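Coordinate-derived values only; no laboratory data. Keep in mind it's a predicted model, so treat the numbers as computed, not measured. Every residue, glycine as well, gets a Cβ built from its backbone with ideal geometry; the counts of neighbours run over all protein chains shown.
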Amino acid sequence: MSEPKILENVPLAKYTTLGIGGPARYFVEVLSEKDLKGAIAWAREKGVEYIVIAGGSNLLVSDEGYEGLVIRIKFSGIEQQDGAIIVKAGTHLQKLVDYTIEHGLDGLSTMVGVPGSVGGAVYGCAGAYGDNIRDYIKEITYFDGEKVVTITRDDYVTGYRDSIFKRNKNWIILKIKFAGLPHTDKEGLEREAVEVLERRAQKYNSGLKSPGSFFKNIPEDELSLGQLTKVRKLIAEWEHNPDYIKRFGNTSVVRFGKIPAGNLIDMLGGKGDQIGQIKINEFHANTFVNLGGGDAKDFISLARKWRDKVREEFGLILEPEVQLVGFKEDF
Ligand SMILES: Cc1cc2nc3c(=O)[nH]c(=O)nc-3n(C[C@H](O)[C@H](O)[C@H](O)COP(=O)(O)OP(=O)(O)OC[C@H]3O[C@@H](n4cnc5c(N)ncnc54)[C@H](O)[C@@H]3O)c2cc1C
């Protein structure tokens, strides 16, 4: 077992895209599976809890930080094996998307511009503009703390932006095998990727300190008939509002069978609302931004305020998509 280089009291803010978070009591970066196992063995011997992070693009870390060991996954690499693509968990998702476009493979290209690692994307079942990381997964290999296990796609997906890994926090994804991505015209994929990047640039201008969309969108098929009827009526009224038509034309709020959390907040006037240095993006109401010097306490207060307003108005419970680290209370 290799000897991990464990650091102490490392501020986590700089390892997150939001730029917020107190220190990790212990911190280590792992460049191989062997280092990962060494770090876990160290934590167990010490009797401290551990979590993994990677790109930090889906995290809200508390101002108090995390009491245990934070393991930052950095092992990466992409290789072809018998027509399948094997990707190590710490690989940047963008590298994988570029690789598929370069090889004229469809299925991941509209995830262009989603930050973070492939392991993080698999953990959260990330998706964008119709493509989802889960669609062409053949196998996932993870470390359960004792042994290395391989599962298939059917064992992994549990729901929208959900996965078996969210229910088993100590399972660490090591590598993912993708197969069956349809061959297509590379130029078409490149054009599509450029269009997606232009749309994304409106939502997330560069340098924006945020963890991406804070709340999960709501799949319509998870609602009761009563909830669905009520929310559809309210949305239809909203779509006929001259201000909506001016901004969005004839596009529907409901996309890919999901009610976007951002639209619900927007309908209630959330855009631009601010507590301390945390502000709801003027362009996209599900993006909570750190204007600089913001803290997790204000972030949570603003998010709870709009969760509660949405519940009162629509009877819908918004749940965080962003992973919360080091908080003593539930959201
Ligand atoms: C500007 C911006 C835009 C975004 N747009 C989108 C979007 O369009 N669609 C979308 O789905 N998401 C989006 N996100 C969210 C984010 O990019 C994704 O969730 C991303 O996949 C997270 O990967 P990460 O490596 O940064 O994970 P981290 O933020 O480091 O971690 C997130 C969670 O994944 C877990 N995790 C990470 N690696 C592993 C592993 N190897 N094994 C087990 N668990 C692991 C962590 O424990 C943590 O709970 C956006 C974020 C930002 C900042």
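Considering only V97, V157, V254, the Gaussian network model of the chain with Cα springs below 10 Å gives its largest mean-square fluctuation to V254. Taking the inverse of the mean 1/r over every pair of distinct Cα atoms in segment 207-325 gives a Kirkwood hydrodynamic radius of 14.8 Å. Just to confirm the filter: which trypsin sites (Lys or Arg not before Pro) across segment 163-261 are DSSP coil and have at most 16 other Cβ within 10 angstrom of their Cβ? Of the trypsin sites (Lys or Arg not before Pro), the ones in loops of segment 163-261 whose Cβ has at most 16 other Cβ atoms within 10 Å are R167, K169. Screening the chain for DSSP H helices whose Cα atoms reach 15 Å or more along their own axis and whose mean Kyte hydropathy is at least -0.5 gives 225-239.
Centre-to-centre separation between the Cα atoms of segment 196-234 and those of segment 118-173: 22 Å. Mind pulling up the Rg/Rh value for segment 7-73? Radius of gyration and Kirkwood radius, both on Cα. Here the Rg-to-Rh quotient is 0.96. Here the Karplus relation 6.51 cos²θ - 1.76 cosθ + 1.60, evaluated at θ = phi - 60°, turns the backbone of segment 73-81 into coupling constants of 6, 10, 7, 9, x, 10, 9, 8, 9 Hz, with x for every Gly and Pro.
In the chain, the calculated helix contribution to ellipticity at 222 nm averages -9500 deg cm²/dmol per residue, counting -39,500 (n - 2.57) for every DSSP H run with n ≥ 4. Go ahead and set up a Gaussian network model of the chain, Cα springs under 10 Å, then flag whichever of L36, L181, L225 fluctuates most. Ranking L36, L181, L225 by mean-square fluctuation puts L225 first. When the square roots of the Cα gyration tensor eigenvalues are ordered a ≥ b ≥ c, the ratio a/c for the chain is 1.5 or more and a/b does not exceed b/c, which makes its shape oblate. Local charge for S62 was computed over the other residues whose Cβ lies under 11 Å away, with Lys and Arg +1 and Asp and Glu -1, and equals -3. For segment 18-127, the set of GluC sites (Glu not before Pro) satisfying both a DSSP loop assignment and a count of at most 16 other C-beta atoms within 10 Å is given as E49, E64. Loop-located GluC sites (Glu not before Pro) in segment 144-231 (DSSP state other than H, G, I, E, B) with a sparse environment of at most 11 neighbouring Cβ atoms within 10 Å: E146. Using a cutoff of 8 angstrom between alpha carbon atoms and counting only pairs six or more residues apart, the relative contact order for the chain works out to 17 percent. Neighbours of G90 by Cβ distance under 9 Å: Lys/Arg scored +1, Asp/Glu scored -1, total +3. Full extension of the chain segment joining F283 with K138 gains 48.5 nm, where the gain is 0.36 nm per residue of separation less the Cα-Cα distance. Backbone amide hydrogens, once placed in the peptide plane, bring D63 within less than 5 Å of G22, A296, K297, excluding anything fewer than 5 places away on its chain.
Summarised in one figure, the compactness ratio Rg/Rh of segment 29-166, Cα atoms and Kirkwood Rh, is 0.97. P115 sits among other residues whose Cβ lies under 13 Å from its own Cβ, and their net charge, with Lys and Arg +1 and Asp and Glu -1, is +4. Mind jotting down the distance between the C-alpha centroids of segment 282-327 and segment 25-97, whole Å? Their Cα centres are 26 Å away from one another. Projecting label points 7 angstrom from Cα along Cα→Cβ for R232 and E198 puts them 3.4 nm apart.
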